[in-house]
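J.: My structure is below; once you've seen it, I'll send some questions.
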Amino acid sequence: MIFRGYDNLMVAARQGSPLAIGYGDGEMYVGSDAIALAPFTDRISYLEDGDWAVITREGIAVRDRAGAAVERPIARSLAAGLVVDKGNYRHFMAKEIHEQPEVVGHTLAHYLDLANYRVDLPALPFDFASVTRLSLSACGTAFYACLVAKYWFERWAKLPVDIDIASEFRYRETTMAPGGAALFVSQSGETADTLASLRYCREQHQHVLSIVNVQESSIARESDGVLPTLGGPEIGVASTKAFTCQLTVLACLAIAAGKARGVIGPELEAELVKALVEVPRHMATMLRDETPYETLAHSLSKARDVLYLGRGSSYPIALEGALKLKEISYIHAEGYAAGELKHGPIALIDEEVPVIVIAPRDDLFDKTVSNMQEVAARDGKIILVSDADPASTGCEVQTMLPVPTVHPFVTPLVYAVPVQLIAYHTAVFMGTDVDQPRNLAKSVTVE
Ligand code: M6R
């Protein structure tokens with residue numbers, strides 16, 4: 001609040017959404033987070049829920065909900081040195097898609113011992129060798145990163161995973177054995193439902209680990225351990241590089257879990273780490289020529305509904321592809337596990353419906369192809385995202401989006417890029433506001 005006639009007074013209060021105070025030289029700032037204040041100062045403190053502050057150029061007096069004077073620590077923000085502009089790109093989203101080889105590489109370098117092809121994680125708040133279940137919770141794209149991780153933890157660490165959307169988890173009143181392990185994933189670290197789920201887990205005496213992109217965020221501050229993604233600020237509302245960086249950290253964590261649980265030996269560890277190290281190069285290859293995506297955008301923009309299909313760890317990528325397309329192009333899109341096709345969605349298929357099939361040549365490829373054939377038999381327009389030869393599918397493929405052949409472990413990381421490009425180019429062709437799609441906020445800090 002500012003007051004007419006008082007040019008040296010601001011009053012700020014926090015409830016729910018984060019509120020950051022910036023300390024300048026003879027000036028003070030109030031903002032939503034450290035990134036918003038980065039152009040002005042790197043000295044930041046955060047109000048707690050219920051706090052209110054009286055701010056003048058000379059300083060600040062903070063009181064808590066009960067009216068007692070309190071001090072909130074001032075920290076040097078890491079955000080101040082970050083450049084937040086579009087560079088030579090038309091949209092932040094395009095820039096962020098293209099940054100992925102670099103930021104995924106940085107994140108890998110942070111969590112891997114590259115000289116010896118080993119994972120090298122900081123101390124965790126729980127021991128993977130002794131946990132019996134891992135509970136994962138997040139929203140939106142971060143939830144899909146968790147869904148990929150479920151496949152990884154179960155396949156490569158033999159660790160059962162409970163996973164839920166945070167807005168459901170927080171009200172489920174699930175019983176959790178004390179001492180269990182809970183993991184939360186969030187780009188902003190401020191998503192209200194994810195934060196509430198974290199607090200629920202604390203009440204249930206869980207060990208809380210989080211993966212966040214904003215290291216000073218509420219989720220980071222309330223966790224027992226934090227694994228940062230090194231994606232840099234993500235400005236586009238549609239999450240892209242944050243997703244692949246989350247996957248990168250989760251992949252390293254799954255390998256660490258597999259080692260701790262005796263499932264992954266040194267040879268397999270080196271194999272999986274090598275596969276991860278190759279990811280930035282494969283991403284860069286795919287980003288070299290976006291012409292097929294620009295061409296596809298013409299036909300996709302006319303669709304009323306689009307289906308995405310995938311199996312195994314490609315199923316969450318199908319969900320993520322559909323989310324990306326609907327949020328920035330406003331075309332109705334649904335992601336399905338390919339095996340679910342016969343259980344309902346096949347009724348939607350006709351010559352008007354594009355079906356985007358995410359089908360790496362892994363051990364589930366033949367199963368996915370058989371679902372593709374069901375689509376083809378009903379004249380659905382198939383867009384195949386794969387490293388396979390389209391002729392080998394026995395289907396008429398309308399558009400082929402080739403992907404390099406990679407180790408099956410890392411396919412979600414690599415196949416994330418084409419689904420982002422499909423959405424991006426379709427939205428650009430349709431002329432929507434790509435970085436600020438209607439009705440959406442970058443960070444959902446209220447229920
Ligand atoms: O900041 P978070 O990762 O917690 O945000 C979660 C979702 O709100 C976010 O991923 C949202 O779904 C994006 N707009 C997806 O592109």
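J.: Which whole-angstrom value gives the distance between the alpha carbon centres of region 241-289 and region 21-58?
T.: If we compute the Cα centre of each part, the gap is 38 Å.
J.: Report, in degrees rounded to the nearest 10, the 0 to 90 angle that the Cα long axis of helix 266-286 makes with the longest principal axis of the chain.
T.: Helix 266-286 sits at roughly 90 degrees to that axis.
J.: Please report the carbon-and-sulfur percent of the accessible area for region 285-381; probe 1.4 Å, protein heavy atoms only, DNA, RNA and ligands left out. All intermediate terms of the calculation are to be shown ahead of the outcome.
T.: On the way: 1950 of 4130 Å².
Carbon and sulfur together cover 47 percent of it.
J.: Can you give me the pair-distance distribution of region 357-412, C-alpha pairs, 5 Å bins, whole percents?
T.: That works out to 4, 21, 34, 24, 11, 4, 1, in percent per bin.
J.: If r is the Cβ-Cβ distance from GLU267 to HIS332 and R0 is 56 Å, what FRET efficiency results, to the nearest 0.05?
T.: 0.75
J.: Hey, with R₀ at 30 Å, roughly what FRET efficiency would GLU222 and LYS274 work out to, going by the Cβ-Cβ distance, to 0.05?
T.: Numbers: r = 36 Å, r/R0 = 1.19.
FRET efficiency, GLU222 to LYS274: 0.25.
J.: Here is a follow-up. Would you list, by chain and number, the aspartates and glutamates whose Cα falls below 19 Å from the Cα of LYS259, excluding same-chain residues fewer than 8 positions away?
T.: Excluding near neighbours in sequence, the set is ASP113, ASP120, ASP127, GLU154, GLU267, GLU269, GLU271.
J.: State in Å² the accessible area per residue of region 24-67; use a 1.4 Å probe, count heavy atoms of protein chains only, and round to the nearest integer. Write out the running numbers ahead of the final one.
T.: On the way: 2230 Å² over 44 residues.
It amounts to 51 Å² per residue over region 24-67.
J.: Roughly how many debye, to the nearest 20, is the charge dipole of region 245-381 about its Cα centre, given +1 on each Lys and Arg Cβ, -1 on each Asp and Glu Cβ, and no other charges?
T.: Values: 15 positive and 20 negative charges, 52 e Å.
It works out to roughly 260 debye.
J.: Here is a follow-up. With all protein chains present, how much of the accessible area of region 116-161 (probe radius 1.4 Å) comes from carbon and sulfur, to the nearest whole percent? Provide the component values of the computation, followed by the final result.
T.: Values: 920 of 1860 Å².
The nonpolar share, carbon plus sulfur, comes to 49 percent.
J.: While we're looking at this one, here's another question. In the chain, if the dipole is taken from +1 on Lys/Arg beta carbons and -1 on Asp/Glu beta carbons about the Cα centre, which of GLY262, HIS343, ALA275 is farthest to the positive end?
T.: GLY262
J.: Here's something else I'd like to know. Express the Stokes-Einstein translational diffusion coefficient of region 320-447 in µm² s⁻¹, to the nearest whole number, given a Kirkwood radius over alpha-carbon pairs, 25 °C and a viscosity of 0.890 mPa s.
T.: Calculated translational D: 156 µm²/s.
J.: Given the pairs LYS302/LYS367; LYS274/LYS342; LYS342/LYS442; LYS95/LYS274; LYS158/LYS342; LYS95/LYS158, which are separated by over 32 angstrom at their Cα positions?
T.: Flagged as over cut-off: LYS274/LYS342; LYS342/LYS442; LYS95/LYS158.
J.: Now for a different question. Putting +1 on Lys and Arg Cβ atoms and -1 on Asp and Glu Cβ atoms, find which of PHE169, ALA416, LEU78 reaches farthest to the positive end of the dipole of the chain.
T.: The listed residue farthest towards the positive side: PHE169.
J.: With a cap of 12 neighbouring Cβ atoms within 10 Å, and only residues DSSP puts in a loop, list the trypsin sites (Lys or Arg not before Pro) found in region 355-447.
T.: Numbers: sites: ARG361, LYS367, ARG378, LYS381, ARG438, LYS442; in loops: ARG361, ARG378, ARG438, LYS442.
Answer in residue order: ARG438.
J.: Let me ask something additional. Between Rg and the Kirkwood Rh of the chain, both from Cα atoms, what is the Rg to Rh ratio?
T.: On the way: Rg = 22.9 Å, Rh = 23.0 Å.
With Rg and the Kirkwood Rh in hand, the quotient comes to 0.99.
J.: Suppose the chain between THR405 and GLU447 were pulled fully straight at 0.36 nm per residue; how much longer would it get relative to their current alpha carbon spacing? Don't jump to the answer; show the numbers that get you there.
T.: Values: separation 42, 0.36 × 42 = 15.12 nm, distance 4.13 nm.
Length gained, THR405 through GLU447: 11.0 nm.
J.: Residues of region 219-233 with the amide nitrogen closer than 19 Å to a label point 7 Å from the Cα of ALA36, along Cα-to-Cβ, please.
T.: Counting only backbone N, you get 219-221, 233.
J.: Once you have the Cα-Cα distance between LEU114 and ASP49, take 0.36 nm times their residue separation minus that, and quote the gain in nm to one decimal. Write out the running numbers ahead of the final one.
T.: On the way: separation 65, 0.36 × 65 = 23.40 nm, distance 4.18 nm.
The LEU114-ASP49 span can extend by a further 19.2 nm.
J.: Suppose all protein chains stay in the model; what accessible area per residue would a 1.4 Å probe give for region 92-277, in Å²?
T.: On the way: 6380 Å² over 186 residues.
On a per-residue basis, region 92-277 sits at 34 Å².
J.: With springs only between Cα atoms under 10 Å, which of MET93, MET176, MET286 fluctuates most in a Gaussian network model of the chain?
T.: MET176
J.: Also, quick follow-up: With springs only between Cα atoms under 10 Å apart, run a GNM on the chain and tell me which of ALA177, ALA142, ALA284 wobbles the most.
T.: Most flexible of the set in this elastic network: ALA177.
J.: Along each of the three principal axes of the Cα atoms of region 162-321, give the extent in whole Å, ordering the values from largest to smallest.
T.: Ordered largest first, region 162-321 gives principal extents of 53, 43, 31 Å.
J.: Per 0.36 nm of contour for each residue apart, how much would the distance between ALA377 and ARG199 grow if the chain were fully extended, relative to their Cα-Cα spacing? Before the final figure, lay out the partial values.
T.: On the way: separation 178, 0.36 × 178 = 64.08 nm, distance 4.97 nm.
Contour length minus the Cα-Cα distance gives 59.1 nm.
J.: Before anything else, pin down the relative contact order of the chain: Cα pairs under 8 Å, at least 6 apart, normalised by residue count, whole percent. Provide the component values of the computation, followed by the final result.
T.: Values: 925 pairs, mean separation 64.8, N = 447.
It comes to 15 percent, rounded to a whole number.
J.: About its Cα centre, what dipole magnitude does region 92-277 give when the only charges are +1 on Lys and Arg Cβ and -1 on Asp and Glu Cβ, stated in debye to the nearest 20? Intermediate values should be presented prior to the final figure.
T.: Working: 15 positive and 21 negative charges, 62 e Å.
Around 300 debye, computed over region 92-277.
J.: Please compute, over every Cα-Cα pair in region 2-81, the percentage with a separation greater than 14 angstrom. List each step's numbers first, then the result.
T.: Details: 1871 of 3160 pairs.
The answer is 59 percent, as a whole percent.
J.: Based on the alpha carbons, how large is the Rg to Rh ratio for region 327-388 when Rh follows Kirkwood? Please report the intermediate quantities before stating the final value.
T.: Working: Rg = 11.7 Å, Rh = 12.2 Å.
Looking at region 327-388, the ratio lands at 0.96.
J.: Determine the calculated [θ] at 222 nm for the chain from helices alone, applying -39500 (n - 2.57) to every DSSP H run no shorter than 4 residues and normalising by the residue count; nearest 500 deg cm²/dmol.
T.: Details: 13 runs with 162 residues, N = 447.
When only DSSP H runs of four or more count, the value is -11500 deg cm²/dmol.
J.: Right, something else. To the nearest 20 Debye, how big is the dipole of the chain about its Cα centre, given +1 on the beta carbon of each Lys and Arg and -1 on that of each Asp and Glu?
T.: Details: 39 positive and 56 negative charges, 59 e Å.
So the magnitude is around 280 debye.
J.: Also, I was wondering about something else. With 19 Å as the cut-off, how large is the P(r) tail for region 244-352, expressed as percent of Cα-Cα pairs?
T.: Values: 3672 of 5886 pairs.
Here the tail beyond 19 Å accounts for 62 percent of pairs.
J.: With r defined as the distance between the Cβ atoms of ASP162 and GLU396 and R0 fixed at 51 Å, what FRET efficiency is calculated, to the nearest 0.05?
T.: Details: r = 41 Å, r/R0 = 0.81.
Plugging the Cβ-Cβ distance into 1/(1 + (r/R0)^6) gives 0.80.
J.: Here's something else I'd like to know. Report the relative contact order of region 160-205, percent, no decimals, based on alpha-carbon pairs under 8 angstrom and at least 6 residues apart. Don't skip to the end; give the middle numbers.
T.: Values: 28 pairs, mean separation 23.4, N = 46.
Averaging sequence separation for qualifying contacts and normalising by length gives 51 percent for region 160-205.
J.: With a cut-off of 8 Å between alpha carbons and a minimum separation of six or more residues, what is the relative contact order of region 181-220 in percent?
T.: Details: 63 pairs, mean separation 21.5, N = 40.
Over region 181-220, the number comes to 54 percent.
J.: Something else now. Using only Cα atoms and rounding to the nearest 10 degrees, what angle (0 to 90) does helix 315-329 make with the longest principal axis of the chain?
T.: Computed tilt is about 70 degrees.
The values are calculated or read from the model by the stated rules, or taken from the named source; none is laboratory data. All values reported here derive from a predicted model rather than from experimental measurement. Cβ coordinates were reconstructed from backbone atoms using ideal geometry, including for glycine residues, and neighbour counts include every protein chain displayed. Heavy atoms of the whole protein, side chains included, go into the accessibility calculation; ligands, DNA and RNA do not. Shrake-Rupley method; radii C 1.70, N 1.55, O 1.52, S 1.80 Å.
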